[in-house]
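Just below is one structure, and these are the notes that go with it.
All of the numbers you see were taken from the coordinates with simple rules; none came from a lab. Just so it is clear, the structure is predicted and the values come from calculations on it, not from any experiment. Ideal geometry is used to build each Cβ from the backbone, glycine not excepted, and the neighbour counts take in all protein chains shown.
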Amino acid sequence: MTTDDGPSNFLRELIAADVAAGKHGGRVVTRFPPEPNGYLHIGHAKSICLNFGLAREFGGTCNLRFDDTNPAREEQEYVDAIEADVRWLGFDWGERKYFASGYFDQLYRWAVQLIGKGLAYVDDQTTEQIREGRGNFYRKGTDSPNRDRSVDENLELFERMRAGEFPDGARVLRAKIDMSHANLNMRDPPMYRIKRAHHHRTGDDWCIYPMYDYAHGLSDALEGVTHSICTLEFEDHRLLYDWFIEALELEHRPQQVEFAKLNFSYIVLSKRKLLELVKGGYVNGWDDPRMPTIRGLRRRGVTPEAIRAVAERTGASKRDGRVDITLLEHEIREHLNATSPRAMAVLDPLKLVIENFDEHAVEWFEAPNNPEDPAAGGRKVPFSREIYIERDDFREVAPKKWYRFAPGQEVRLRYACFVRCNEVIKDAAGNVVELRCTWDPASRGGDSPDGRKVRGTSHWVSARHAIAAEVRLYDRLFSEPDPEGIDGRDWKEFLDPRSIRVVAGAMLEPSLADVPVGARFQFERVGYFCADDDSRPGHPVFNRTIGLKDSWAKIEAKGG
RNA sequence: UCGGGGAUCGUCUAAUGGUAGGACUGCGGAUUCUGGUUCCGCAUAUCAAGGUUCGAAUCCUUGUCCCCGAACCA
C-alpha cells in the first residue's frame, strides 16, 4: 500500500487496524516524551515525525510530554530548547504540553494502592545488595529479606520515605513481581528512590522520585495515549509497562510499540558522544553546524522539510540499521534547489581584467533569482572592467573536456557575456595573479546573436562592487561511515579536520551585503549557503550547507 | 549458560502463498546560460540447508549471524 504520506510501514498498518477495529473508540493519541536533559538530534526528529505524523494522519493528537523523573539531570533550559526545536521542525502540540512531574501526586497515590494490594514493598537493602539479589542473565534472583513486610509496615515506611525521614539511597519502593523471572526487568524493579535534588518544576516538594518504568506507562494511561511508540531497547520493558497498568486495573490501556531508531553513516548520535564532542572542544558547541543536533542542522542551513522528508523516506521497521548519509544530503539539495534564491559568490577570487571594457563603465545585467521558480523574480547584477572569477575555474593547461577558462578559450560569464582569455599574468613566484581578457559586446546578456555556442559558464563578481565575506565550508564530521565500529580504534580518531574550512576573503555580489541571519541561498555552481549568526551588517558570514553535485570533479578524479 | 528482537539490491524500505517493486548510491546517455536541475536507460537482493505446495521472501524444521537487556538512568 502506498499513500500520499509515503509507503506502508508496520506502525501505520497497526494503527490503521486498531482504528478499523474500533479500539479506543477509533481514537489515536500519541506522545513525544523527551527527557529534558540534552538537546534534540536527528534521531529524535524521527520519533517526532512518527508520533506527530501518525497522529495527524489518523485524525488524532500528539502530546508533548517531558519525562522529567530524574531531577539530578534535568533543566528548564532543555525544556525550552526542546520546545523550540519541535516547533522548528513544524509540529504543534497545541495545549497538550505535559510533564511526568505533573503526575507525581497521582503516581504516589497509585504506589500506595499497589502497596495496599501487596504488590509493592519498601526495601532497605543497599544498591549493591539489590544488584546482587537481582541475579543475572543466567542466575535467578533471590528474594529480598524485606520482601514479605506487612502492608501496614510498607505503608508507614513509604510515607516516611516521602516525609524525608531517610537519607538518599537508604530505601526504595519495589514492585513485588518475581525474582526468578527470565526478564530481569520483572525481578522486583524499583519504583521510587530517595533523591534530594531540586526539581526544575516541583522544586523541593519531593525527595522521592518515580523511576521511568513506573512513571512512563502510567503517564501514557493518564493522558489517554493509545499508541506509545518508542525505540527497540524498550522491548524488554513492555512486560513491566503492561504489568503496572494491569496491577492498577486501569481502564485505559495504552499499547507500547517499538521501532528501530534512525541512525546515519558518518554520524554519531549517542548522548554521551555528542557531549564529549562539545565538552572536548572538538566542535564549537551544540549548535555547531557539523553537529547532528536540530540546532546544528538548523545553523548549517538544513530545512525542516528536508528532515521530515528523510523521516518519511526511511519508513519504520524493527531492523536496526544505518541510513546512508547521501539520502539526507539528497533531501537537503532537493528542497533547497526548489526554494533557494540564487546568487553569485567567488570563494577563491582570481582577478580577470576585460581589456576592451571601459574603465569607468558599469553594465547591470538581469539575473533570475531562481530558474526553478519564475515567481521568485529577478535582480540586477553589476558588471565592470575588473571582475573576480573562481581560481579553480582556470587552468593554464586545459585538461581534456575542460570547458572553463584557459588561454585562448571562450567562456560565458553567467547572465553577462562571452569573454576570451588572452594573457596570463604571473607574479615573481610564478603564481597566476590575473587574467587579461576581451569580451564580445554582442553577447551582452549571455548569448551571441551569431548563435555560436560556448560549453563553459562561470560565475563571477564585479571587483568594484564585491562584498568581502567569511565563508565556512562544512563537510561530514567523520571520515569513516562507521566511526564507532572500527576495530580497536577510538571513534574520535576519525574526526575529519577537513570538516570545516574557513575562507576569509570570499567575494559576493552586492545583493548579499545585508541579508538576515538564517537566509539561505544557492551560490551558483558552488553550493547551498546559509547566513550565520556571526554575520555583521555589511560583512556577512555564510555557512556551506551542502555543495552542489560536481560531475566534473568525478571526471577529473577518474584521471581524465 | 538466560530473555527479548531482527535478517530482502552497497544503503533504507515494499511485496502478508501468485511477475521480488521503490528511493538513495553507482554507471551510461539526452537536454541545459549552474559540469546544477530535469529526463531516459543500465547494474545490484530474499542469511543457509532441508521440507510443504502447481507455485515460497512469505508456511514448517534445523542451523547461522546481528542487535538489545544484569542503573536507586531514560
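Size of the dipole of region A:110-199 about the Cα centre, Lys and Arg at +1 and Asp and Glu at -1 on the beta carbon, nothing else charged, in debye to 20? Let's see the in-between values first.
Working: 16 positive and 14 negative charges, 74 e Å.
Approximately 360 debye in magnitude.
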*asked:* Between A:Ile486 and A:Arg395, what is the label-point separation in nm under the 7 Å Cα-to-beta-carbon projection?
replied: 3.2
*Distance in nm between pseudo-label sites at A:Arg147 and A:Thr231 (7 Å out along the Cβ direction from Cα)*: 3.3
*Degrees, to the nearest 10: A:325-339 long Cα axis against longest axis of chain A*: 60
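About the Cα centre of chain A, how large is the charge dipole given +1 on each Lys and Arg Cβ and -1 on each Asp and Glu Cβ? Please answer in debye to the nearest 20. Could you put the intermediate results ahead of the total?
Numbers: 80 positive and 91 negative charges, 253 e Å.
Charge dipole, chain A, about its Cα centre: 1220 debye, nearest 20.
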*Using Cα centres only, tell me the gap between region A:231-299 and region A:530-550 in whole Å.*
30
*Per residue and in Å³, how big is the convex hull formed by the alpha-carbon atoms of region A:405-492?*
212
*Along the charge dipole of region A:426-516, Cβ charges K/R +1 and D/E -1, which of A:Gly485, A:Val471, A:Val454 sits furthest on the positive end?*
A:Val454
_Principal axis dimensions, region A:330-431 - Cα atoms, whole angstrom, descending_ = 47, 36, 23
*Expressed as an acute angle from 0 to 90° and rounded to the nearest 10, what is the orientation of the C-alpha long axis of helix A:42-57 relative to the principal long axis of chain A?*
80
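Given the DSSP H assignment, sum -39500 (n - 2.57) over each helix run of at least 4 residues in chain A and divide by its residue total; what's the result at 222 nm in deg cm²/dmol, nearest 500?
Working: 13 runs with 144 residues, N = 560.
Mean residue ellipticity at 222 nm (helix-derived): -8000 deg cm²/dmol.
Could you tally the net charge around A:Lys279, taking each other residue with its Cβ under 11 Å from the Cβ of A:Lys279, Lys/Arg +1 and Asp/Glu -1?
On the way: positive: A:Arg272, A:Lys273; negative: A:Glu276.
Computed value for this residue: +1.
Please report A:Ser144, A:Ser340, A:Ser317 as a ranked list, fewest other C-beta atoms within 10 angstrom at the top and most at the bottom.
On the way: A:Ser144 22, A:Ser340 25, A:Ser317 12.
Taking fewest neighbouring Cβ atoms as first place, the list is A:Ser317, A:Ser144, A:Ser340.
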*asked:* Please give the Cα centre distance for region A:141-213 versus region A:434-450, rounded to the nearest Å.
replied: 82
*Which residue, chosen from A:Ala175, A:Trp402, A:Val310, occupies the Cα position most advanced towards the positive end of the dipole of chain A, where the dipole is computed from +1 (Lys, Arg) and -1 (Asp, Glu) charges on Cβ about the Cα centre?*
A:Trp402
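Given 0.36 nm per residue, what is the gain on full extension from A:Gln113 to A:Arg444 after removing their alpha carbon distance, in nm? Spell out each step's value before the answer.
Values: separation 331, 0.36 × 331 = 119.16 nm, distance 8.52 nm.
Length difference between fully extended and current span is 110.6 nm.
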*Please work out the C-alpha center-to-center distance from region A:357-416 to region A:1-75 and express it in whole Å.*
50
*Can you give the net charge of the other residues whose Cβ lies under 14 Å from the Cβ of A:Arg187, counting K and R as +1 and D and E as -1?*
0
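First select every other residue whose beta carbon is under 15 angstrom from the beta carbon of A:Leu327; then total the charges, Lys and Arg +1, Asp and Glu -1. Don't skip to the answer; put the middle values down first.
Numbers: positive: A:Lys46, A:Arg308, A:Arg313, A:Arg322, A:Arg333, A:Arg476, A:Lys549; negative: A:Glu305, A:Glu312, A:Asp324, A:Glu329, A:Glu331, A:Glu334.
Neighbourhood net charge equals +1.
Once the Cβ-Cβ distance between A:Asp124 and A:Glu493 is put in as r, and R0 is 35 Å, what FRET efficiency do you end up with, to the nearest 0.05? Each step should come with its number before you reach the end.
On the way: r = 47 Å, r/R0 = 1.35.
Given R0 = 35 Å and the Cβ-Cβ separation, E is 0.15.
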*Any chance you could get the radius of gyration and Dmax over the Cα atoms of chain A, in Å?*
30.9, 102
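For region A:349-458, with only Lys/Arg (+1) and Asp/Glu (-1) charged at the beta-carbon, what is the dipole magnitude about the Cα centre, in debye rounded to 20?
Details: 18 positive and 19 negative charges, 85 e Å.
Magnitude of the dipole: close to 400 debye.
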*Can you count the Lys pairs in region A:2-259 with C-alpha separation below 28 Å, eight or more apart or on different chains?*
9
*Using only Cα atoms, find the angle between the long axis of helix A:212-223 and the longest principal axis of chain A, and express it within 0 to 90 degrees, rounded to the nearest 10.*
80
*Run the quick spin-label model on A:Val517 and A:Ala338: label points 7 Å from Cα toward the beta carbon, then report their separation in nm to one decimal.*
2.9
*asked:* At 0.36 nm per residue, and after removing the present C-alpha to C-alpha distance, how many nm does the segment from A:Ala375 to A:His198 gain when stretched out fully?
replied: 58.2 nm
*Given 0.36 nm per residue, what is the gain on full extension from A:Val424 to A:Tyr282 after removing their alpha carbon distance, in nm?*
46.9 nm
*Paramagnetic label zone (point 7 Å from Cα along Cα-to-C-beta, A:Val362; backbone N under 15 Å) in region A:379-404*: A:380-387
